[in-house]
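Input: a single structure, listed below in structure tokens.
The values are calculated or read from the model by the stated rules, or taken from the named source; none is laboratory data. Note that the structure is a prediction, hence the values are computed from the model and not measured. Cβ: placed from backbone, ideal geometry, glycine included. Neighbour counts: every protein chain shown.
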Amino acid sequence: MQNVQSRWKFSETRITLDRDTKDLEKEIRMSTSSIAAVPVAFPVSLRSAECDPILVIVGLTNAGKSTLFNAITASYTMVANYPQTTVAPNRKEITLHGRKVTIIDTPGIASLAALTADEQTTLDLLLGKKPCRILFCGDALRLKPSLILYAQIRELGIPTVFCLNKADEAARLGIVIDAEQLSRDAGTRVVLTDASHGIGMKSLLQQLANPSLPVGGMIQYPEDLEQVITRISALFNPIRRPSKGQMLQIIQCPDGPERLLADRFPAERIDKVKEIIHELQWRYSVSALQLRIFHGREEWAERISRQVTHRSDFPIHSLFQRVAWASRHPLLGWPIFFAILWLTFHGVVVLSSEMAGFLDGEIFKPLAAMIEGWVDHPGVNEFLVGNFGLLTMGLFNAMVTVVPILLVFFLIMNILEDTGYLPNLSVLANRTLAPFGLSGKAVLPLVLGTGCNTMATLTSRILETRKERLMAVFLIALGMPCAVQLGIMMAILATIPFSAMLIVLAAVAGTQIVCGVILNRVIGMRQGKGAEFILELPPFRWPDPLHVVRKTYYRVKWFLWEAVPMFMLAAVMMYTLEKSGILERLKEWFHPVVTGFLSLPDKVTEVFILVLSRREVGAVYFKDMVDGGALTFQQIVVGLVVMTLFIPCASNTMMMIKEIGPKWAISMNIAIILLAILVGGLVNFLMNLV
């Protein structure tokens, strides 16, 4: 839609964008609320009559699909109280009622019109694959949008089970849903669930045993549309006939017949379909047809949601609603944000230091001394517990330095995620990110970058335009330290004057701001403007201790599984480089930059080499140098600046290549290396002047 004027409306549970539209066509007048009709583009094929033993979980963002997936498969995938936690499908093969079934958890969608890369993934699974069953996960707090999406899913003609999740949260807000009436209107049994606590799961699993096609309650579109659907249906054999939903997609898509039918049906039949559609498009434009179809679904969903929903007349105003409002308020929100930062800093420094001291003094130092006493051979002894020892630098370093920091940091992050604070932070930061050409939605991948840069780069899929994705990927790679690196930086900064933190923050944030503004102009000329900011706000709630502890456990477990071998591999690599003499040669090559330009000791070259494999490995080694008194105050500051801005680790680089292409990824990495060295040199020069 063009010439759209937007205004924000804030509510306790979500943000919607009201749009006052002019006449798109003489034959249609309508206003859309939280969901708008958009052009439909489907670069996938229609599914055939045959199907695979696949159960696809589909629903709105933040409806609880991943929680259902965890409950059904008895496994764990990441869940959080903000939209689009899942950005790539998770799958697991299980035995369900005696049959082998592949369960697939998909990214959330608002409709079958894919606007982002993660939504396109879900669409590919529904249309490109051949699932025999769909588990539709509705949201009791957003019944009308859930029904609009369900209407599109059921029209695909795939047996579907309707689960209405978050019934407990709806009840706490005074919202009661008549499940029996909803089942009659939707044409299929609706199961109310609270997947996070296992309520309703037994009934849901029974429904999954024998899912059936919905009976009755099908949406009736305007008569001329229904006639066109009937005429198109008559052209196909009933066994291979496209579903009603697929035919509606063909009608809405300008090149629908060629794109969606060409690989399955002869050209003569496709030409007949085009003739029928051209007759309809002679009277209505594609935009008008899309609006008519959407309007039919919206009226159906509105009527049902009114009939089955009963609200308490007593207003419910909780403390959490007030806290949520304050956390996104332009004046109150920033003090709350900085208070959270201070608590995180204090927690990481104090608690992790105490845990690290206990582990080192009571377990790992005595263990290293014991191994050193057992092993007589000098070469083997040095390989195991020497300066670049497999155990001392690899395993023990990871367990003593990294695990305590991760435990505290992830515990705090998981509490913030479970409360629903991060989406409110997105609203708060929306205007702040405008100079970078980003919307508040980009806060989610940027904040997740403090957990893992690689995962944050993958999460950039939730951004709707390529420009925003490029900007977010660059800013994540440039100056967003991962959880371990950030925790280690906090531990280092806690041991030196507060002015060091101000210098490091100013250098890193200043570089991010300048590069973001410049890149916005450069990329904006080629990629166009960013999308408008539309974000569903989840309910603000008290964190569930069990969820927080469980998520912390799995995040630390995944880190140990992935990173500890990298720590040990890095130790072997450094040991080999040292014994072969290559390490000394590298120090000579980089001496003019490291020692001359940055005024750092040659040994810091080892840190930069380790950072190339994993950022946290280099950060841990740098902390060891600080603890050993090998660096001055100025060298610590310069080293932290360069290390924070330095090239992303190998895994993030590979993810960048996958998400934005090798050309952009390589160009960004080269620019980041040069920026890190230049900014580090500038900080060194300014500190020498002082």
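Applying the criterion of being surrounded by 17 or more Cβ atoms within 10 Å (Cβ to Cβ), out of contact with any Lys or Arg (no Cβ under 8 Å at 6 or more places or on another chain) and under 16 Å from residue 289 (Cα atoms) to the residues of region 247-272, the residue that is modelled with the lowest pLDDT is 256.
When region 633-672 is filtered for residues that are among the hydroxyl-bearing types (Ser, Thr, Tyr) and more than 22 Å from residue 516 (Cα to Cα), only 651 remains.
The residues of region 470-488 that are modelled with pLDDT under 75 and closer than 27 Å to residue 663 by Cβ amount to a single one, 482. Looking across region 61-77, the residues that are assigned to a loop (DSSP other than H, G, I, E, B) and of a type in the set (A, V, I, L, M) come down to 63, 74.
Looking only at residues in region 489-528 that are at pLDDT below 75 and either among the hydroxyl-bearing types (Ser, Thr, Tyr) or touching a helix residue (DSSP H, G or I) at 6+ places or on another chain (Cβ under 7 Å) (or both), the one that is surrounded by the fewest Cβ atoms within 10 Å (Cβ to Cβ) is 528. Based on what the data block shows, is residue 105 more than 30 Å from residue 239 (Cβ to Cβ), without any contact (Cβ under 8 Å) to a residue 60 or more places away in the chain and crowded, with 24+ Cβ neighbours inside 10 Å? In short, yes. Per this entry, residue 298 is not counted among residues that are within 30 Å of residue 237 (Cβ to Cβ), modelled with pLDDT of 80 or more and part of a helix (DSSP H, G or I).
The set of residues from region 314-329 being modelled with pLDDT of 85 or more and either more than 20 Å from residue 543 (Cα to Cα) or aromatic (Phe, Trp, Tyr) (or both) comprises 325, 329. Of all residues in region 327-345, those that are touching a residue at least 24 places away in the same chain (Cβ under 8 Å) have Cβ atoms under 9 Å from Cβ atoms of residues that are among the basic types (Lys, Arg), 6 or more apart or on another chain, in 330/431. Considering region 140-224, the qualifying helices (runs of 4 or more DSSP H), each wholly inside and each with 3 or more residues that are in contact with a Leu (Cβ under 7 Å, 6 or more places away or on another chain) and of a type outside the set (S, T, N, Q), run over 167-172.
Restricting attention to region 320-360, the residues being hydroxyl-bearing (Ser, Thr, Tyr), assigned by TED's automatic domain parsing to the domain that holds residue 424 and within 25 Å of the chain's Cα centre (by Cα) number 1. Comparison of 442, 456 shows that the only residue that is closer than 24 Å to residue 89 by Cα, outside the structural domain of residue 109 (by TED's automatic domain parsing) and at pLDDT below 70 is 442.
For the criterion of being closer than 30 Å to residue 70 by Cβ, surrounded by fewer than 19 Cβ atoms within 10 Å (Cβ to Cβ) and modelled with pLDDT under 80, residue 213 passes. So for region 385-393 (the condition being assigned by TED's automatic domain parsing to the domain that holds residue 620, outside any loop (DSSP other than H, G, I, E, B), over 18 Å from residue 481 (Cβ atoms) and modelled with pLDDT of 80 or more), does at least one residue qualify? Taking every residue of region 385-393 in turn, none turns out to be assigned by TED's automatic domain parsing to the domain that holds residue 620, outside any loop (DSSP other than H, G, I, E, B), over 18 Å from residue 481 (Cβ atoms) and modelled with pLDDT of 80 or more.
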